[in-house]
Amino acid sequence: QSVTSEPLVSVIIPTYGRPHLVGRAIRSALSQSLAEIEVIVVVDGPDPATLQALAAIADPRLRVCAQPMNRGNGASINAGIETARADWVAILDDDDEWLPDKLALQLAAARRSVHRYPVIATPYINRRPDAEMVWPQRLPNPGEPLCDYLFRQRGFRGGEGVAAPSTLLFRTALGRQLPFRTDLKRHVDSDWLLRAARTEGFALEYLADLRPMAICHVGHGARRMSDSNDWRYSLAWVREHRPLMTPEAVAGFLLTLTSQTASRAGAWRAFPIILWAACREGRPDTHLLVVHFALWFMPERLRWHMLEWRDRLAGIGRSGGMVSQ
C-alpha cells in the first residue's frame, strides 16, 4: 500500500480485551481501496494480549494508542480523535468490518456536501447467528428531525432508522468541538448525534449508492463496549435527553427500544412504568402503543412472521434524504 505523510481519513477503533476480534476490523480498514489512511487502535486500559496481537501487524499506517486505565467507549473515541492527523475520521467497532470501497465513497460524498459538518452514513449488514438484514430499512425523509428518524420505529425488530457508529464519517474538527460523552455506558453514539444535530451546518447524509458498506456482527458471543441490558438506565437517559427530542421521539424510544430491553429481561414490572412514562413525557400514537403491547404479549417468532408477511405485501421503501440542523 502507498502511504502518504498526511492521511486523508483517520480510522478510530476502540477496543479492550478482544484480540481475537479486533484483527478482523483492522484488516478490513487496511484493505480499503482508499489507501491514504491511518488506523488508530485505542486500547482502553491495560491489555497485554491485545497489544501483542497488534504488534504482529506490519503496516506503517497502524498506530496504537494504549490508555493507562479503562474509561469506556466515549473516552476511547475522543482519544483517537485527539491524535488523528486527517481532516476526516471514521469510527469502526472492534467486532465489525468494512467493505473495501466504504471510505473512498464516503470521502467523495463528504467533499461534495454543501454542509459544513456533514456526517456521512452508509447502509450495513446486521449479521446475527441465525439471520442477516440490511439496515436501515429506510432513509430520512426530507426535513425529518434526527430524533424522529432514529427513534420513531414502526415495527418490532428495529433497524428502520439507524446511523450505526461503524458507518459514520465526519470532520475531525466536529469531533474535537463536540467530544463524545465519557460518563455514559450506553447510547453514547445516539447522544453524540442528538447533540451534533444542534450544531450549525450539521447534516446526516447517506450515500446515493445504497449498497451495504459495513458488516455489524451481533449476538456472536461478543459483548460490545457499550452493551447494557438495564432498562432503567435507558429510561433515565431519555429523560435527560428530552430537551433534544420531540415528544413523538421520546415515546418511540420508550415504547420500542426500552420496552424491548425490559421484555427480553423478563422485567414485568417495567411494563406499566414504561407505558406511563411514554404517555406522561412523550406523545405516543396508536401504532406505538400496539408495538409496546406486542413486545410483551406476542411471541417473538409470531412478530417476525407478521413483519415478513407485511413486508412481502407492501415492502419497506427507501426515500433518499438527509437530516440537517
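Quick rundown of the values:
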item	result
Kirkwood estimate for the chain, i.e. one over the average of 1/r between Cα atoms, Å	20.4
Residue-by-residue Karplus 3J(HN,Hα) for the stretch 110-120, coefficients 6.51, -1.76, 1.60, Hz, glycine and proline x	5, 5, 7, 4, 8, 8, 6, 10, x, 10, 9
Under 13 Å from the S5 label point (7 Å along Cα→beta-carbon), backbone N, the stretch 64-100	none
Amide H contacts under 5 Å for Y124, placed H, 5+ residues apart	W135, M213
Crossing angle, helix 19-30 versus the chain [Cα axis fit, 0-90 degrees, rounded to tens]	70
Sequence-separation-based contact order of the stretch 1-55, relative, with Cα cut under 8 Å and 6+ spacing, percent	48
Rounded accessible area of C147 (nearest 10 Å², 1.4 Å probe)	10
Distance in nm between pseudo-label sites at I273 and R128 (7 Å out along the Cβ direction from Cα)	2.5
Nearest-ten-degree value, helix 270-281 long axis tilted from longest Cα axis of the chain	90
Fraction of alpha-carbon pairs over 17 Å apart in the stretch 116-185 - percent	55
Cα-only Debye scattering, the stretch 180-220: base-10 log of I(q)/I(0) at q = 0.14, 0.19 Å⁻¹	-0.54, -0.85
Angle in degrees between helix 300-314 and the longest Cα principal axis of the chain, rounded to the nearest 10	90
L99 long-range amide H proximity, modeled H, under 5 Å	A214, I215
Counted charge near A79, where neighbours are those whose Cβ lies closer than 9 Å (Asp, Glu -1; Lys, Arg +1)	-1
With eigenvalues of the C-alpha gyration tensor scaled by 5 and rooted, the stretch 3-70, Å	21, 12, 10
Surface accessible to a 1.4 Å probe, D209 within the full protein complex, Å²	50
Inter-site label distance for R283 and R116 at 7 Å from Cα along Cβ, in nm	3.0
Translational diffusion of the stretch 62-187, µm² s⁻¹ [Kirkwood Rh, Cα pairs; Stokes-Einstein; 4 °C; 1.567 mPa s]	79
Distant alpha-carbon pairs in the stretch 165-297 (separation over 25 angstrom), percent	37
Value of D in µm² per second that Stokes-Einstein yields for the stretch 1-143, Kirkwood Rh from Cα pairs, at 10 °C (1.306 mPa s)	98
In sequence order, calculated HN-Hα J values of the stretch 168-173 (Karplus, 6.51, -1.76, 1.60; Hz; x Gly/Pro)	9, 10, 8, 5, 4, 4
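The values are calculated or read from the model by the stated rules, or taken from the named source; none is laboratory data. Keep in mind it's a predicted model, so treat the numbers as computed, not measured. As a convention, Cβ positions derive from the backbone with ideal geometry for all residues, glycine included, and neighbour counts pool all protein chains shown. Note: accessible area is taken over every heavy atom of the protein model, side chains too, but ligands, DNA and RNA are not part of it. Shrake-Rupley method; radii C 1.70, N 1.55, O 1.52, S 1.80 Å.
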